[in-house]
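Trainee: One structure, pasted below without further comment.
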Amino acid sequence: MIESSKHDESLVSFNDVQGDVLSIPHLIDLDDVSLEDLMIIFRTTKAMKEVMRSGAEKRAILTGDCVATLFYESSTRTRASFELAAKRLGAHVINVSSLGSSVDKGESLSDTASTLESMGADVIVIRHSHSGAPYLLAKKLQRTSIINAGDGQHAHPTQALLDIYTMREKLGQLKSKKVVIVGDVIHSRVTRSNILGLAKMGAQVVLCGPPTLLPSYIAPQFGKSVFANVELTTNVDEAVVDADVVMALRLQTERQKINGVTSIREYTKLWQVNAERMSKANHNAIVMHPGPMNGSVEISKEVACSEASSIDDQVGNGVAIRMALLYLMRKNRE
Ligand code: CP
């Protein structure tokens, strides 16, 4: 299947997507998601935006469902948007975090998830510092859909989905578009999921940052065809030339076992996404950041607040993407 213009029509109603069903029971990462499934998710997201705009039918779609968020790491956007998405569609929501739950008393991840399933959780949205935690739950649980809200340095598929949805909304089809991702690439699960999704869209990806923060998994000797669309560079001034999208990444100091940068001042000088660098990108290029931002470090305030900035759109689309996923996961369980 190719990225079809059918999916770019400006209006999609909820009725239009009721026949669409995903081929996957869980969302672990985008390597599991076919292009056809991606298009279903994006089309349903568009319909959910219409549902939000009209407001009329939104409460009934997930009536009787229970969505549990299970977060072992901090979050503002992902957790709040899943909760809002679930409530907007009429589901019950249980929020469990490692702090203040029986995880504090030593209860295992597996037992915690089984407890939520026994209570009737239809979906568990999990964020965990260990890569593979969502996969473990998908294998173990019988009735509950698992959505990965970020696992270690592995994947953050819902962030990539909202990023790619936002890019398509702003730029149209992404085939041959140049997406430059700048900063702490090695610790970025967002980047990894974006690479997988953008490869399916036919976009070109350039990863840029200090040599200490670029990943070895992308090295040509690994020979993974899915990464054939990815280049690495340490020179941001060259990378941004003719870019359609420039995405700045947060310096994840909490994950850095060794200091990946000599100093914040040097990092800012050499790799910050600023107005001068953005002037080398395409005239209609957009700027993105998955958040949270280290203000004035990886991105200048001027650029973050500029007309090119799509950061607020990313956050808004995050709610619609998660509404679409909760709805599609429910259809998969029927
Ligand atoms: N982008 C993202 O995952 O943000 P939160 O950590 O606030 O959820």
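The values are calculated or read from the model by the stated rules, or taken from the named source; none is laboratory data. Just so it is clear, the model here is predicted, and its values are computed rather than measured. Cβ: placed from backbone, ideal geometry, glycine included. Neighbour counts: every protein chain shown. Side chains included, ligands, DNA and RNA excluded: accessible areas come from the protein's heavy atoms. Shrake-Rupley method; radii C 1.70, N 1.55, O 1.52, S 1.80 Å.
Trainee: Read through the list (1) touching a strand residue (DSSP E or B) at 6+ places or on another chain (Cβ under 6 Å); (2) surrounded by 22 or more Cβ atoms within 10 Å (Cβ to Cβ), then give the number of the only condition that PHE71 fails.
Mentor: (2)
Trainee: Right, another one. Would you mention how many residues in the stretch 289-304 are over 18 Å from ASP244 (Cα atoms) and without any contact (Cβ under 8 Å) to a residue 60 or more places away in the chain?
Mentor: Going through the stretch 289-304 one residue at a time, the tally reaches 8.
Trainee: Taking THR63 as meeting all but one of (1) within 16 Å of the ligand (Cβ to nearest atom); (2) open to solvent by 60 Å² or more (accessible area, probe 1.4 Å), write down the number of the exception.
Mentor: Failed condition: (1).
Trainee: Can you name the condition, by its number, that THR78 falls short on among (1) surrounded by 15 or more Cβ atoms within 10 Å (Cβ to Cβ); (2) farther than 18 Å from THR45 by Cα; (3) within 16 Å of the ligand (Cβ to nearest atom)?
Mentor: In the conditions (1) surrounded by 15 or more Cβ atoms within 10 Å (Cβ to Cβ); (2) farther than 18 Å from THR45 by Cα; (3) within 16 Å of the ligand (Cβ to nearest atom), THR78 misses (2) alone.
Trainee: Looking at the stretch 29-45, can you tell me whether even one residue there is more than 16 Å from THR158 (Cβ to Cβ) and part of a loop (DSSP other than H, G, I, E, B)? Spell out the reasoning first.
Mentor: So in the stretch 29-45, the residues more than 16 Å from THR158 (Cβ to Cβ) come out as 34-36, 39, 43.
Cutting the leftovers down to part of a loop (DSSP other than H, G, I, E, B) gives us 34.
Yes.
Trainee: Turning to a different aspect of this structure: Restricted to the stretch 93-127, and to residues that are farther than 19 Å from ARG330 by Cα and touching a residue at least 40 places away in the same chain (Cβ under 8 Å), which residue is farthest from the chain's Cα centre (by Cα)?
Mentor: Applying the filter and picking the extreme gives THR112.
Trainee: Looking at VAL21 and the list (1) touching a residue at least 60 places away in the same chain (Cβ under 8 Å); (2) not in a loop (DSSP other than H, G, I, E, B), which single condition is not satisfied?
Mentor: (2)
Trainee: Filter the stretch 81-102 for residues that are touching a Phe, Trp or Tyr at 6+ places or on another chain (Cβ under 7 Å) and either within 16 Å of the ligand (Cβ to nearest atom) or assigned to a helix (DSSP H, G or I) (or both) and give the result.
Mentor: SER97, SER98
Trainee: Another question, then. Cβ-Cβ below 6 Å, separation at least six or inter-chain, first residue in the stretch 182-204 and touching a residue at least 60 places away in the same chain (Cβ under 8 Å) and farther than 12 Å from ALA160 by Cβ, second small (Gly, Ala, Ser) and more than 15 Å from the ligand (Cβ to nearest atom): which pairs?
Mentor: GLY183/GLY209; VAL185/GLY209
This table checks each residue for (1) aliphatic (A, V, I, L, M); (2) part of a helix (DSSP H, G or I); (3) in contact with a Cys (Cβ under 9 Å, 6 or more places away or on another chain); (4) not assigned by TED's automatic domain parsing to the domain that holds LYS177.
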residue: GLU238; (1), (2), (3), (4): no, yes, yes, no
residue: LEU270; (1), (2), (3), (4): yes, yes, no, no
residue: GLU276; (1), (2), (3), (4): no, yes, no, no
residue: ASN284; (1), (2), (3), (4): no, no, no, no
residue: MET293; (1), (2), (3), (4): yes, no, no, no
residue: GLU302; (1), (2), (3), (4): no, yes, no, no
residue: SER306; (1), (2), (3), (4): no, no, no, no
residue: ARG322; (1), (2), (3), (4): no, yes, no, yes
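Trainee: Another question, then. From ARG143, ARG168, grab the single residue that is away from the ligand (no atom under 13 Å from the Cβ), part of a helix (DSSP H, G or I) and on the phi < 0 side of the Ramachandran plot.
Mentor: The unique qualifying residue is ARG168.
Trainee: Answer yes or no as to whether LEU136 is touching a Phe, Trp or Tyr at 6+ places or on another chain (Cβ under 9 Å) and in a helix (DSSP H, G or I).
Mentor: Here the answer is no, as LEU136 does not meet what is asked.
Trainee: Would you point out the residue of the stretch 105-140, among those that are in contact with a Leu (Cβ under 8 Å, 6 or more places away or on another chain) and closer than 20 Å to GLY291 by Cα, that is nearest to the ligand (Cβ to nearest atom)?
Mentor: Checked the stretch 105-140; the qualifying residue nearest to the ligand (Cβ to nearest atom) is ARG127.
Residues are listed down the side, and each one gets a yes or a no for (1) within 21 Å of LEU196 (Cβ to Cβ); (2) modelled with pLDDT under 95; (3) in contact with a Cys (Cβ under 7 Å, 6 or more places away or on another chain):
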{"position": "LYS6", "(1), (2), (3)": "no, yes, no"}
{"position": "GLU9", "(1), (2), (3)": "no, yes, no"}
{"position": "MET39", "(1), (2), (3)": "yes, no, no"}
{"position": "THR63", "(1), (2), (3)": "no, yes, no"}
{"position": "THR69", "(1), (2), (3)": "no, no, no"}
{"position": "THR78", "(1), (2), (3)": "yes, no, no"}
{"position": "ALA86", "(1), (2), (3)": "no, no, no"}
{"position": "GLY100", "(1), (2), (3)": "no, yes, no"}
